[in-house]
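Data first, discussion second: the structure below is written as structure tokens.
Nothing in this text is a laboratory measurement; each read-out follows from the coordinates by a stated rule. Quick caveat: nothing in here was measured; it's all calculated off a predicted structure.
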Ligand code: UDP
Ligand code: MG
């Protein structure tokens with residue numbers, strides 16, 4: 001009996017968004033690696049509403065590799081982390097490994113992650129040895145890593161690298177979380193007891209381009225910040241009181257000067273007042289923006305919309321259509337040239 005027919009021990013979860021050029025090589029390399037590990041496995045490929053041929057390639061791969069590859073097709077783009085969660089919900093393995101579809105995380109590094117798991121770790125992160133990303137990306141993620149380390153108390157060096165392994169219990173815990181903005185590595189660490197990190201190689205993206213535009217990155221950073229802590233809110237009131245105190249001192253100073261030097265001095269000091277005013281305005285706007293970030297997320301959580309919407313799950317020759325109406329729409333779309 002081949003390894004993947006039994007209940008899998010290892011599940012790979014791969015989010016895919018417009019990666020048609022990378023998929024054939026990805027599938028080939030992942031299959032080789034999983035076969036070499038020699039334990040029952042499944043490769044779950046989640047199509048995050050790609051607009052290229054990715055869905056079709058995943059469908060074909062799932063049909064050709066009965067049981068070894070499972071395609072989860074979301075009906076539109078929900079974002080990388082929602083896609084990974086959809087993959088988690090589908091996964092059955094004792095150990096779940098996530099990686100990117102763009103081959104920046106070489107699948108050959110997967111066995112390295114499994115060693116610490118077998119020694120009892122709940123979460124195994126990875127550090128990119130020779131990170132192949134732009135200067136801006138490297139600096140922004142260094143900043144993020146520091147923040148996350150402070151707030152979760154878990155020491156990990158590279159939160160940006162999605163080549164990670166999780167034990168089943170951590171996956172189950174994450175699936176119980178219902179907040180809409182999730183950042184998986186941080187969420188996992190808030191449940192993990194024992195964690196470890198391994199060094200992995202990082203390749204340059206050869207096909208297609210990064211799916212994270214400047215704005216999407218900013219969005220991700222806010223997700224990360226608000227999902228892990230409400231500390232910035234407290235910081236706001238602290239900064240607010242400090243500034244209010246300073247403002248009080250300033251007005252006292254201005255009043256004294258006015259009394260000593262007379263009204264003429266005060267009229268010339270008008271720009272000082274303006275500058276103070278602008279400081280306060282700026283801080284207020286900043287504070288309101290940050291409050292808005294939290295309120296926006298509360299709003300989304302209260303609405304409790306599903307994080308993703310599965311259109312179809314393809315495994316072997318069976319497809320289990322979960323949303324029939326959408327499926328019929330999709331099939332008409334696929335018939336178009
Ligand atoms: N991805 C996704 N949905 C999105 C954006 C990205 O599923 O909305 C996938 C993408 O296909 C890739 C992974 O997430 O497998 C990481 O994306 P990308 O390589 O563009 O990010 P970067 O390496 O630039 O951080
Ligand atoms: Mg990438």
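Assorted remarks:
- Calculated mean residue ellipticity at 222 nm for the chain: -17000 deg cm²/dmol, from DSSP H runs with n ≥ 4 weighted as -39500 (n - 2.57), summed, divided by the residue count and rounded to 500.
- Only Cα sites of the range 2-154 enter the Debye sum here, all with the same form factor; the resulting log10 I(q)/I(0) across q = 0.12, 0.17 1/Å is -0.54, -1.06, listed in q order.
- Largest first, the extents of the alpha carbon coordinates of the range 93-217 on the three principal axes equal 34, 31, 23 Å.
- Folded to 0 to 90 degrees: helix 214-228 orientation relative to the chain principal axis, Cα: 80
- For the chain, the relative contact order is 21 percent, taking Cα pairs closer than 8 Å that sit 6 or more residues apart in sequence and dividing their mean separation by the residue count.
- Tilt relative to the chain, helix 231-261 - C-alpha long axis, 0 to 90 degrees, to 10: 20
- Quotient of C-alpha Rg and 2.2 N^0.38 Å, computed over the range 158-243: 1.39
- Spherically averaged projected area in nm², based on the convex hull that wraps the Cα atoms of the range 225-296: 5.1
- For the chain, the longest principal axis of the C-alpha atoms and the axis of helix 54-64 are separated by about 30°.
- Three principal axis lengths of the chain [C-alpha, angstrom, descending]: 96, 49, 36
- The C-alpha atoms of the range 116-170 occupy a region whose extents along the principal axes are 35, 25, 14 Å, arranged from largest to smallest.
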